[in-house]
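Data block below; observations after.
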Amino acid sequence: MDGTARAEAHCQPCGGPAPRRVRHGRPARPADRAPLKFDLDRAGHLHIIGSPRSGRSQTLRTLAAALGQAHGTDNVHMYGIDCGNGALHVLASLPHCGAVVDRNQTERLGRLLDRLGVELTLRQSILGTRGTADRAELRRSQPLHERLAHNVLLVDRFEVFEREFSSYDNGSYLERLLRLLRDGAGVGIHVVLAGDRVLASSRFSGTTEDKIVLRLNDRQDYSTVGIPSKSAPSDPAPGRGIRTQDLSETQVAVLGEDLSGTAQAEVLAALGRELTEREAAVPAARRPIALDVLPDRIAYTDALALHTPAGPMRPLVAVGGDTLTSLGPDLTGVPTFVVAGPPRTGRSTTLLTAAE
Ligand SMILES: Nc1ncnc2c1ncn2[C@@H]1O[C@H](COP(=O)(O)OP(=O)(O)OP(=O)(O)O)[C@@H](O)[C@H]1O
Ligand SMILES: [Mg+2]
């Protein structure tokens, strides 16, 4: 390992038109030591493949920091799905980040996948009506304030996502993610998957050419992900990877000297504060969609604070939505409303709430 291991993820701060490529690492051979770039206008998806403790989460954090530094919040919207130990949570401090969803928040995860699915459909129809097959061309033809932002979905421990969601809800979660992988790249919806050798499976491996392979504990796995055994490294350090496109070696940059997860997260949080200030002028409509967490329990008084009274026949019974708002039946038009569910699910309480 050499000094590049601790290179900072330094990118040009945004000012004027955002640079399209962000640096998130360096090739490890001195002869070709140019920054490794992720060019959102050209790139589709990115796979980061490695065994446990190979530096997968760190690669996602570095990439997010680099994207945040290089682009405005109106140009890049990030979303995270954390199926591991919470390493991605700190991404939420970036103003570019709409939401980081934990795998246990299944309802919120469903909303995130739905949102991105709706965005995908919308973009496909925009491209269709404009008769433009190429998103980069469309972006160039749009005025700056109307440009479709790049959406970047970062998934940590994809092997856990695959295991838990391949059958959950009839596989609809995995299916929605697969749709983004199949069709998203062409319309500026990029998926960055960090996972183990499950990414070598034919369902996922064909969705991108762009892969960084970190340490794999079983040497045989290198060939299954497209690295010939003679190019397979022996026991590489964390963050050291091989790009499958040209088999070049790369060292993923870290954020500051202290390599512990907590210290790396702190640097990212500080960057988030700095960028929040820098991006303060971006209007809400150009920012990523926030997906509020649905509370497990909410007091009536707290719910009332989110309520805009619309008359006595519009009782408040619940809260919901991506930005939490009050919900309830509209009894002005149709005077009936059904509260249904099996025993002990809260039917009587719903009626009491409506009555109040
Ligand atoms: N790019 C890097 N350069 C140097 N060291 C790194 C790099 N990335 C990670 N490390 C070291 O490896 C450790 C593990 O990194 P990280 O948590 O990103 O790995 P992981 O593959 O996500 O692990 P897990 O299987 O636990 O999810 C870090 O705490 C850090 O010490
Ligand atoms: Mg991890």
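Summary table
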| quantity | calculated |
| --- | --- |
| Cα centroid separation - the stretch 210-264 against the stretch 266-318, whole Å | 39 Å |
| Note, ³J(HN,Hα) from phi for the stretch 50-66, Karplus 6.51, -1.76, 1.60, rounded to Hz, x at Gly and Pro | x, 7, x, 6, 8, x, 5, 4, 4, 4, 5, 5, 5, 4, 4, 5, 5 |
| Solvent exposure of the chain as accessible area per residue, Å², 1.4 Å probe | 49 Å² |
| Helix-derived mean residue ellipticity, 222 nm - over the chain, DSSP H n ≥ 4, -39500 (n - 2.57), to 500 | -9000 deg cm²/dmol |
| Amide H contacts under 5 Å for VAL152, placed H, 5+ residues apart | HIS77, MET78, TYR79, HIS190 |
| Percent accessible area from carbon and sulfur atoms, the stretch 50-187, protein chains only, probe 1.4 Å | 48 percent |
| Area of VAL293 that stays accessible when all protein chains are in place (1.4 Å probe, Å², to 10) | 80 Å² |
| Cut-off 19 Å, label 7 Å out along Cα→Cβ of LEU352, residues of the stretch 273-316 by amide N | 296-304, 315-316 |
| Values of log10 I(q)/I(0), in the order q = 0.18, 0.21 Å⁻¹, for the stretch 133-269 under a Debye, Cα-only, solvent-free model | -1.17, -1.27 |
| Sequence-distant residues sharing a close amide H with LEU214 (under 5 Å, placed H) | ILE49, GLY50, ILE242 |
| Added length on full extension, which subtracts the Cα-Cα distance from 0.36 nm per residue, SER229 to ALA318 | 26.3 nm |
| Under Karplus coefficients 6.51, -1.76 and 1.60, residue-wise ³J(HN,Hα) of the stretch 251-258 in Hz, glycine/proline x | 10, 5, 6, 10, 9, x, 6, 6 |
| Under-5 Å amide H pairs with VAL101, H placed in peptide plane, nonlocal only | GLY80, ILE81, ASP82 |
| Förster radius 35 Å - calculated FRET efficiency between THR129 and ALA285 (Cβ-Cβ, nearest 0.05) | 0.95 |
| Karplus 3J(HN,Hα) series, Hz, for the stretch 184-192 with 6.51 cos²θ - 1.76 cosθ + 1.60 (x for Gly, Pro) | x, 4, x, 10, x, 10, 9, 10, 10 |
| Principal-axis tilt of helix 172-183 within the chain, Cα atoms, nearest 10 degrees | 50 degrees |
| Convex hull per residue volume in Å³, alpha carbons only, for the stretch 138-180 | 92 Å³ |
| Contact order relative to length of the chain, as percent, for alpha carbon pairs under 8 angstrom and 6 or more apart | 23 percent |
| Length added when fully stretched, GLU257-GLU209, from 0.36 nm per residue minus Cα-Cα | 14.1 nm |
| Of every Cα-Cα pair in the chain, the percent that sits beyond 29 Å | 46 percent |
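The values are calculated or read from the model by the stated rules, or taken from the named source; none is laboratory data. This is a predicted model, so every value here is computed, not measured. Note that each Cβ is placed from the backbone with ideal geometry, even for glycine, and that neighbours are counted across all protein chains shown. Each accessible area value is taken on the protein alone, full model and side chains, heavy atoms only, with ligands, DNA and RNA left out. Shrake-Rupley method; radii C 1.70, N 1.55, O 1.52, S 1.80 Å.
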